[in-house]
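In what follows, a single structure is set out as structure tokens and then discussed.
Values quoted throughout were computed directly from the atomic coordinates according to the rules given, and no laboratory measurement underlies them. On a predicted model such as this, the values are computed, not experimentally measured, just so you know. Every residue, glycine among them, receives a Cβ derived from its backbone with ideal geometry; neighbour counts consider all protein chains shown.
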Amino acid sequence: MTLHPTIARVTDRIRARSESTRGLYLSRMRAAAAAGPVRAHLSCGNQAHAYAAMTADKAALAEGRSPNIGIVTAYNDMLSAHQPYEHYPQLIRDAARRAGATAQVAGGVPAMCDGVTQGQPGMELSLFSRDVIALAAGVALSHNCFDAALYLGVCDKIVPGLIMAAATFGHIPAVFIPAGPMPSGIPNDEKSRVRNAFAEGKATRAELMAAEMASYHGPGTCTFYGTANTNQMLMEVMGLHLPGASFVNPGTPLREALTEAAATRAAQITALGNDYRPAGEILDERAYVNGIVGLMATGGSTNLVLHLPAMARASGVLLDLADFDELSQAVPLMAKVYPNGLADVNHFHAAGGLQYLIGQLLDAGLLHEDAKTVAGDGLAPYRQEPTLQDGRLAWTPGPTETLNDKVLRPAAAPFAATGGLRHLSGNLGRGVIKVSAVAPERHIIEAPARIFASQDAVKAAFKAGEITSDTVVVVRFQGPSANGMPELHSLTPILSVLQDRGLKVALVTDGRMSGASGKVPAAIHVCPEAAAGGPLARLQDGDILRLDASAGTLACLTTGFETRPAAKPDLSGNSQGIGRELFAAFRAHVGAPDTGAAVVV
């Protein structure tokens, strides 16, 4: 199938924009690869320290003729998605030995749960945790003992941080290993109903707790299509998972077989073999365009609009918000998974999942089929799904027809003609909006502004009954240099209630919304941020704002607002407590949201 002209045009534009940075990156990676297996350059004393605890593998490690795989793990018990990783290192070590290789846990990285920190001070560390993860993975791999790396991570900031590290160590192969989603709990719309009822005082805390515990009920990724599951889709579409690995439930024989197969594959693609596939060559402009296409086709998390530019920069590729917008206009929305629909990722997987979706996108010319992957040259292997046949892992042709067209549809008959993510620009700056779950009649909101400097202030105004007419809620001083750019997902029930009362409401913020956000129009990631003197800092209550997702504009219609002095934030409450004082240097040096809000690249 011929590549779609928009896909080709945007890819060429990214390639041209990145020519210098990508060239310098590849030169560094090739120089590192040319040095040969890294352990050969370590002294005997260096190596003795590295192998001292590896009782069963000491001889093979000292000989240095077989691949040594570094495991970077985000295991902890706080994240349900990461709890299954507790026992993965032993599976990997055993599989590596069977493949004639060795494996060591190189190090751990932190992994925080946005579901725990939503609306809490800890959320102000969330975005910065991505860069900390990249740094921690860099420390793990700095021992320079590894011929390939296996990355164990799933959730919101963890995968992007690990990709930034994998790109930095791009001279060695990288294989990402997921843990899979937990089995389905109560329906997502029922969970949302109870949350909204609690926000209105119509449900008790006990009822709310019961609903939440029935939704988040076991090991594995949360089952809605938020940032964590969007990450897993990306790793597969970008060719860093084994085909079909993303959405197999934890604790199953197939999940265990895929983990072992990932270790075997990592050993096969090192420079010591004949199928060398360094991460830096996989992470090129085609991979990132494929990732954005997957994001649009599935209605994925807006957080990836922040993360993908930061990930790409680590591999010398420069993305712009206009790239996302143009690709969104060419890619149909093929999936309806909560919050864009009622189904969860288990229903999506059962309906044909990524194998069906990737096959459809390839046939429509919407993916770069020739992109390099850990599974082979090209995305063709990702049409196949893994199965167990007599206890052995095998890949068989994936479905060519959807098994549930309420959840997953063909590219030729999608839920919507476009991916539902728009770049916004105007006299309030640049931002993005996700409209895949927003009703068409709410794509344009024009109403007076109500200005807030915190989400707690919005909640207080709601409880006091102050928002009774059409309103654009502006929550400013939520950008990365102000307070770390927290998600404002705890406002979703309030805004949903106001909308359900018949009001036209929208959110405008220089902060983030969760990957689980849905039906309320929200202009997010607005930059320049208010704390840097951006236009949001000049707004006042009553200014008429217009958010037009159809035209891609975000503007203040009140004459003369641009000449007002910028409001000065009081950020004293955001600088201390729950570890925030440790991140002062991050807030001082973070980049702009439209380039990824990164500190380390």
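Amide H contacts under 5 Å for Thr553: Ser425, Asp548, restricted to partners 5 or more places along the chain or on a different chain, H placed in the peptide plane at 1.01 Å from N.
Counting Lys and Arg as +1 and Asp and Glu as -1, what is the net charge of the other residues whose Cβ lies under 14 Å from the Cβ of Ile445?
Values: positive: Arg422, Arg442, Arg450, Lys504, Lys519, Arg546; negative: Glu441, Glu446, Asp470, Asp543, Asp548.
Net local charge, Ile445 excluded: +1.
Scaling against 2.2 N^0.38 Å puts the C-alpha radius of gyration of segment 349-415 at 1.18. Beta bridges from DSSP with both residues in the chain: antiparallel share about 45 percent, rounded to the nearest 5.
The value given for the chain is a Kirkwood hydrodynamic radius of 24.4 Å, derived from the mean inverse Cα-Cα separation. A simple rule links phi to the HN-Hα coupling: the Karplus curve 6.51 cos²θ - 1.76 cosθ + 1.60 with θ = phi - 60°, which for segment 570-583 gives 9, 9, 4, x, 10, 9, 9, x, 6, x, 5, 5, 6, 10 Hz, with x for Gly and Pro.
The alpha carbon centroids of segment 126-204 and segment 321-347 are separated by 20 Å. Annotation for Met1 and Ala585: the two label points, set 7 Å from Cα along the Cα-Cβ direction, are 4.8 nm apart. Length available on full extension from Lys58 to Glu19: 0.36 nm per residue minus the Cα-Cα distance, which gives 9.7 nm.
Looking at segment 421-595, the DSSP beta bridges with both ends there are about 55 percent antiparallel.
Summarising the label geometry, the points placed 7 Å from Cα in the beta-carbon direction at Arg564 and Ser43 lie 6.5 nm from one another.
Translational diffusion of segment 239-335, estimated by Stokes-Einstein from the Kirkwood radius over alpha carbon pairs at 10 °C in a medium of 1.306 mPa s, is 103 µm² per second.
Rounded to the nearest 0.05, what FRET efficiency do Asp12 and Leu557 give with R0 = 35 Å and r taken as the Cβ-Cβ distance? Could you check? All intermediate terms of the calculation are to be shown ahead of the outcome.
On the way: r = 37 Å, r/R0 = 1.07.
The value I calculate is 0.40.
Quote the relative contact order of the chain in percent (integer), defining contacts as alpha-carbon pairs under 8 Å separated by 6+ residues. If you can, show how the numbers build up before the last one.
Details: 1341 pairs, mean separation 90.5, N = 601.
Relative CO of the chain lands at 15 percent.
Distance from the alpha carbon centroid of segment 70-125 to that of segment 567-590 works out to 28 angstrom.
Amide H to amide H distances under 5 Å link Arg430 with Cys527, where only residues 5 or more positions off or on other chains count and H is placed in the peptide plane. Over what distance in Å are the Cα centres of segment 225-253 and segment 409-441 separated? Segment 225-253 and segment 409-441 have Cα centres spaced 24 Å from each other. Distance between the pseudo-spin-label points of Leu503 and Thr252 (7 Å out from Cα toward the beta carbon): 4.4 nm. Binning all Cα-Cα separations of segment 421-595 at 10 Å, short to long from zero, yields these whole-percent fractions: 10, 41, 37, 11, 1.
Cβ under 11 Å from Lys504's Cβ, Lys504 left aside: what net charge do those residues give with Lys, Arg +1 and Asp, Glu -1? Don't skip to the end; give the middle numbers.
On the way: positive: Arg442, Arg501; negative: Glu441, Glu446, Asp470.
Residues close to Lys504 contribute a combined charge of -1.
Remark on Val105: its backbone amide H falls under 5 Å from those of Ile71, a criterion applied only to residues 5 or more positions apart or on other chains, H modelled at 1.01 Å from N.
The listed peptides 172-178, 182-188, ordered by packing as a protection proxy, come out as 172-178, 182-188 (highest mean of other Cβ atoms within 10 Å first).
May I ask which of Lys459/Lys568; Lys459/Lys504; Lys504/Lys568 have a Cα-Cα span longer than 26 Å here? Could you put the intermediate results ahead of the total?
Numbers: Lys459/Lys568 22 Å; Lys459/Lys504 18 Å; Lys504/Lys568 29 Å.
Flagged as over cut-off: Lys504/Lys568.
When each of the peptides 89-96, 206-213, 123-130, 60-67 is scored by the mean number of other C-beta atoms lying within 10 Å of its residues, the order from highest to lowest reads 123-130, 89-96, 60-67, 206-213.
Helix-derived [θ] at 222 nm for the chain: sum -39500 (n - 2.57) over DSSP H runs of at least 4, divide by residue count, nearest 500?
Values: 22 runs with 220 residues, N = 601.
Helices in the chain give a 222 nm mean residue ellipticity of -10500 deg cm²/dmol.
Does segment 150-270 come out rounded, prolate or oblate, given a ≥ b ≥ c as the square roots of the eigenvalues of its C-alpha gyration tensor, rounded meaning a/c under 1.5 and, failing that, prolate meaning a/b above b/c? Display every interim value, and only then the final one.
Numbers: a/c = 3.67, a/b = 2.25, b/c = 1.64.
Cα axes put segment 150-270 in the prolate bin.
What shape does segment 506-582 take by its C-alpha gyration tensor, where a ≥ b ≥ c are the square roots of the eigenvalues and a/c under 1.5 counts as rounded, a/b above b/c as prolate, and the rest as oblate? Because a/c hits 1.5 or more and a/b fails to exceed b/c, segment 506-582 counts as oblate. Peptide packing: for 500-506, 483-489, the average count of neighbouring Cβ atoms within 10 Å per residue gives the ranking 483-489, 500-506, highest mean first. Stretching Arg392 away from His87 to a fully extended chain increases their span by 107.8 nm, per 0.36 nm per residue minus the current alpha-carbon distance.
Backbone phi angles across segment 114-124, fed through the Karplus curve with coefficients 6.51, -1.76 and 1.60 (θ = phi - 60°), yield HN-Hα couplings of 5, x, 7, 9, 3, x, 10, x, x, 4, 6 Hz in residue order; Gly and Pro are listed as x.
The order of Lys434, Lys519, Lys568, going from fewest to most other C-beta atoms within 10 Å of their C-beta, is Lys568, Lys519, Lys434.
For segment 1-114, the alpha-carbon coordinates run over 55, 40, 30 Å along the three principal axes, in decreasing order.
Considering only Cα-Cα distances, which of the following residue pairs are longer than 22 Å: Lys336/Lys519; Lys202/Lys463; Lys202/Lys336? Please list the in-between numbers first.
On the way: Lys336/Lys519 13 Å; Lys202/Lys463 13 Å; Lys202/Lys336 29 Å.
The pairs that break the limit, which is 22 Å between Cα atoms, are Lys202/Lys336.
Order of Cys556, Cys222, Cys113 from fewest to most other C-beta atoms within 10 Å?
Values: Cys556 24, Cys222 27, Cys113 20.
Ranking Cys556, Cys222, Cys113 by Cβ neighbours within 10 Å, fewest first, gives Cys113, Cys556, Cys222.
Computed from backbone phi, the HN-Hα couplings of segment 297-313 come to 5, 9, x, x, 5, 5, 4, 6, 5, 7, 6, 4, x, 5, 4, 5, 4 Hz, rounded to whole numbers (Karplus: 6.51 cos²θ - 1.76 cosθ + 1.60, θ = phi - 60°; Gly and Pro given as x).
Run the dipole for the chain about the Cα centre, Lys and Arg Cβ at +1, Asp and Glu Cβ at -1, nothing else charged, and hand back the magnitude in debye, nearest 20.
460 debye
Compared with the dominant principal axis of the Cα atoms in the chain, helix 88-98 is inclined by about 30°.
Mind sorting Glu385, Glu466 by how few other Cβ atoms lie within 10 Å of their own Cβ, fewest first?
Starting with the residue having the fewest Cβ neighbours, the order is Glu466, Glu385.
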